[in-house]
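The values are calculated or read from the model by the stated rules, or taken from the named source; none is laboratory data. Here the structure is a predicted model, which means the values were calculated and not measured. Because the Cβ atoms are built from the backbone with ideal geometry, glycine has one as well, and the counts that use them run over all protein chains shown.
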Amino acid sequence: MAITDNGLKGAVPSILVVLGVVLAAPIVLPAVAAVSRPLAKTLIRGYLTLADMAKEFSAGAGEQISDLVAEVKAERDTAAAAEVVAGSKVKPSA
């Protein structure tokens, strides 16, 4: 019978905790719901603000990168054109 004694030893406190939660739920849940909805709205509002800031930052960074790419391409084309002009002025030695 030692098995049943040890088996029920931890069950009684667990049953009491569950019973306490069931009895307190009708009182606690409406209070939690009243607080959690505004809290959730505030968290969502903050997330949307951060998302908008991230989009603006990413758009600005993308614009700067595309400007740099265009600048490098222009410099590369200018350098290539200068090499062609310099190459045409040099007379090959025979």
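Any residue at all in segment 44-60 that is β-branched (Val, Ile, Thr) and modelled with pLDDT of 85 or more? So far as segment 44-60 goes, yes, one or more of its residues are β-branched (Val, Ile, Thr) and modelled with pLDDT of 85 or more.
Would you check if VAL85 is of a type in the set (Val, Ile, Thr), modelled with pLDDT under 95 and exposed (fewer than 10 other Cβ atoms within 10 Å of the Cβ)? Yes, satisfied.
With respect to the conditions (1) at pLDDT 85 or above; (2) surrounded by 10 or more Cβ atoms within 10 Å (Cβ to Cβ); (3) not charged (D, E, K, R), PRO38 lacks only one, and its number is (2).
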